[in-house]
2 protein chains.
Amino acid sequence: MPQAHFDATVESPHLDVLVDLGNPFLNRVFDGFVKVGGVGLAHGASLESYKLLVKEETNEKSLEKLVHRAAKEGIQWGLVAGTYSGVNYGLQQALGENNWKTTLLSGALTGATLALTEPNPRHDRVVRGALTGGAIATAAAVVRNLTD
Amino acid sequence: MPQAHFDATVESPHLDVLVDLGNPFLNRVFDGFVKVGGVGLAHGASLESYKLLVKEETNEKSLEKLVHRAAKEGIQWGLVAGTYSGVNYGLQQALGENNWKTTLLSGALTGATLALTEPNPRHDRVVRGALTGGAIATAAAVVRNLTD
């Protein structure tokens, strides 16, 4: 039976800015995109690597697939995080607070925004994206409060 | 065009214990299950309600579906959060710290555990669950550091 070794190297997350774009809003968006994009990249790469391990055969095509999947997931995860960080920052500035309302609203706006970027944005997908985004952000905030 | 009104009532998340089960570990698991289960319930209910709004017809069967979906999502979201809270609490106690390593490991263990509870747990699904769980938990920790 193939054995998978779970070995991921992730930098400790802290709030330093990787590249100063001269604007705190852009810095947040860029940081979210790059840092979480890296996690998505690692996830896509590890899933495809595991597939290769199970198959026990590797050819050029499967390696190409690994790179494609890693890149795609990196961009998708980065987009979600960058959008959320940017929206959350904007709402914090606008409302002057950061509580569960900004969290819920940021998640909803992120979900709606990402649904709008799809090739054929449909009205109902945007609403469903908003509902799901808000719910996920709220659930994450609850879990954070439980585990901190 | 049907209009959807986004109106969710969510309690402000804070770390009080709903029911004291006499054991901090059980309290965490129960709290995670109940609180995030409520978010999942609201999500399932709102998605099905939106479907009803779009369809503009409601019968007994569609209302039944709403209740089923809400209950199902409530349990699923609650299971994820309860498992994560419990695993995270255990790891914090065992390792004496709560940093990105406990986050990554808690996510991986939660993903693996939930994959094992499926009707026919397959070896590869458990590994993929662990990889995805760890990645999501890590990404959430990165986003938390960016937005706090």
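The values are calculated or read from the model by the stated rules, or taken from the named source; none is laboratory data. This is a predicted model, so every value here is computed, not measured. Backbone-built Cβ (ideal geometry, glycine too); neighbour counts: all protein chains shown. These accessible areas exclude ligands, DNA and RNA; they are computed on the full protein's heavy atoms, side chains included. Shrake-Rupley method; radii C 1.70, N 1.55, O 1.52, S 1.80 Å.
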Check your understanding: Ignoring ligands, DNA and RNA, how much accessible area is buried between chains B and A, both sides summed, with a 1.4 Å probe, to the nearest 100 Å²?
Key -> 4500 Å²
Practice item. Please report, in debye to the nearest 20, how large the charge dipole of chain A is about its Cα centre when each Lys and Arg carries +1 at its beta carbon and each Asp and Glu carries -1 there. Key: 520 debye
Exercise for review: Just need the relative contact order of chain A here, percent rounded to a whole number, with Cα pairs under 8 Å and 6+ apart.
Suggested key: 21 percent
Exercise for review: Can you find, among A:Leu66, A:Gly44, A:Pro24, the residue farthest towards the positive end of the dipole of region A:23-66? Put +1 on the C-beta of Lys and Arg, -1 on that of Asp and Glu.
Suggested key: A:Pro24
Check your understanding: Hey, how many Å between the Cα centroid of region B:58-90 and the Cα centroid of region A:78-98?
Key -> 28 Å
Revision key, fill the gap. Label points for A:Gly22 built 7 Å along Cα→Cβ; distances to same position in the other copies, nm, shortest first, come to 6.6
Review point. How far is it, in nm, from the label point at A:Ala71 to the one at B:Lys51 when both lie 7 Å from their Cα along the line to the Cβ?
Key: 3.7 nm
Check your understanding: Could you list, bin by bin from short to long, the percent of Cα-Cα pairs of region B:99-148 in 5 Å steps?
Key -> 5, 26, 24, 19, 13, 7, 4, 1, 0
Practice item. Can you work out the accessible area per residue across region B:23-97, with the rest of the protein chains kept in place, probe 1.4 Å, in square angstrom? Key: 54 Å²
Exercise for review: Compute the longest continuous run of chain B that contains no exposed GluC sites (Glu not before Pro); treat a site as exposed when its DSSP state is not H, G, I, E or B and it has at most 16 other Cβ atoms within 10 Å.
Suggested key: B:98-148
Exercise for review: Could you order A:Thr147, B:Thr132 so the one with the most accessible surface comes first? Probe is 1.4 Å.
Suggested key: B:Thr132, A:Thr147
Practice item. May I ask you to give the average projected area over all directions of the convex hull of the Cα atoms of region A:46-119, in nm² rounded to one decimal? Key: 6.6 nm²
Point to revise | Where Cα atoms sit under 26 Å apart: lysine pairs in the protein assembly as shown separated by 8 or more or lying on different chains | key: 26
Practice item. Run the accessible area of region B:18-148 with a 1.4 Å probe and give the carbon-and-sulfur part as a rounded percent. Key: 63 percent
Point to revise | Pair A:Arg144, A:Arg122: separation of 7 Å Cα→Cβ label points (nm) | key: 3.3 nm
Revision key, fill the gap. So the pair-distance distribution of chain A, from every Cα-Cα distance in 5 Å bins, comes to percents of 2, 9, 13, 17, 19, 15, 11, 8, 4, 1, 1, 0
Exercise for review: Considering the convex hull of the alpha carbon atoms of the protein assembly as shown, report its projected area averaged over all viewing directions, in nm², one decimal.
Suggested key: 18.5 nm²
